[in-house]
Amino acid sequence: MNYKIVADSSSNLFNLEEVNYESVPLHIIVGDRDFVDVEGLNLDEMQECLSSYSGKSSTSCPSSQEWMDAFGDAEAVFCVTITSNLSGACGSAKAAADMYESEYPDRKVYVIDSLSTGPEMVLIIEKLVELIKSGMDANTVYEKIRDYQKKTHLYFVLSSLDNFAKNGRINPIIAKGIGILGIKIVGKASHEGTLKPMDKCRGDIRAYSCLTSHLKKCGYNNGRIIISHTNNPSGAVAMNDFIKKELNFNDAIIMENRGLCSYYAEPGSILIGFEA
Ligand code: X90
């Protein structure tokens, strides 16, 4: 069986060893500029453009055709998307899956709605690699990954909710009053795949400590952790140190948020995907 894993670029992952993998870009649109979230995207240039531009900016998800192209000629595709509750990516992937399966009746696409994004998507993708490599058939891989999703979560510290609010991806009542300079929003991806604030903290260190106590409360017990940051490598290390000290965890994997994630998780933000 010829397998392929396909994910949208909100996973921040462009290459994977040992498996057939492809990232499908979302777009960040700033005025008349279109920043395509591929590996070579210049993040500094995108941030400079965003901060010097006072007009409207937005994002857009892959089209069905773009998903179809990425499915290639695989007999079984595992397609992992950003939460269907904040993006059209899952919907266009499902439409692409229908087209693909009717064009090639002996092939199958499993669309996996992460109900999350970034590092939680990475956990799901890495688990898929492990399951596929163990030699299971595609249906079993799909069943197991659905089970696995029950124990993965996404928590975060965000430095602003501006771009969420501007693009109507958060309840305006929630966004109101949070945009105070220096106030960090500690929150999580809800079960429905929406942004759920849990606390507001003054300063990074308080926010990291607060997030660590939420990890404890959630019953975190030495599962895998992936941290991703937006232009904040020292914050990611500080967060990792908190987790190590408070939760006796060895070392998290640290990654960089790429185009889509760094548009919404604005500079200074930290995302944490973990297994509970
Ligand atoms: O279709 C599109 O244009 C993409 C829209 C994406 C909106 C959400 C992006 C989230 C990026 C920010 C922090 C984590 C929030 C998680 C809530 C599930 C990452």
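Please find, in a Gaussian network model of the chain (springs between Cα atoms separated by less than 10 Å), the residue of 86, 181, 128 whose mean-square fluctuation is greatest. For the chain, modelled as a Gaussian network with Cα springs under 10 Å, the answer is 181. For the chain, give the percent of accessible area contributed by carbon and sulfur heavy atoms, probe 1.4 Å, rounded to a whole number. Roughly 48 percent, rounded to a whole number. A 1.4 Å probe over all protein chains sorts 99, 121, 198 by accessible area into 99, 198, 121, starting with the largest.
When only the Cβ of Lys, Arg, Asp and Glu is charged (+1, +1, -1, -1), the dipole of the chain relative to its Cα centre reaches about 1540 debye. Solvent-accessible area per residue in segment 109-250 equals 48 Å², computed with a 1.4 angstrom probe and all protein chains kept. Exceedance of the 21 Å cut-off in Cα-Cα distance is limited, within the set 4/94; 108/150; 150/176; 4/127; 108/133, to 108/150; 150/176. Using +1 at the C-beta of Lys and Arg and -1 at the C-beta of Asp and Glu, which of 95, 201, 128 has the Cα lying farthest in the positive direction of the dipole of the chain? Projecting each Cα onto the dipole axis, the largest value belongs to 201. Over the chain, DSSP H runs of length four or greater, each weighted -39,500 (n - 2.57), average out per residue to a 222 nm ellipticity of -11500 deg cm²/dmol.
One Cα centroid belongs to segment 184-222, the other to segment 133-148; the line between them spans 30 Å.
Expressed to the nearest 5 percent, the antiparallel share of DSSP beta bridges inside the chain is 60 percent. For the options 246, 75, 45, a Gaussian network treatment of the chain with springs between C-alpha atoms closer than 10 Å singles out 45 as fluctuating the most.
Using the Cβ-Cβ distance between residue 85 and residue 276 with R0 set to 25 Å, the FRET efficiency from 1/(1 + (r/R0)^6) comes to roughly 0.75. Excluding the site residues themselves, the longest part of the chain lacking any trypsin sites (Lys or Arg not before Pro) in a DSSP loop with at most 14 other Cβ atoms within 10 Å is 177-276.
The values are calculated or read from the model by the stated rules, or taken from the named source; none is laboratory data. For clarity, every value in this text was computed on a predicted model and none was experimentally measured. As a convention, Cβ positions derive from the backbone with ideal geometry for all residues, glycine included, and neighbour counts pool all protein chains shown. For the accessible areas, the whole protein counts, side chains as well, though only heavy atoms, and no ligand, DNA or RNA atoms are used. Shrake-Rupley method; radii C 1.70, N 1.55, O 1.52, S 1.80 Å.
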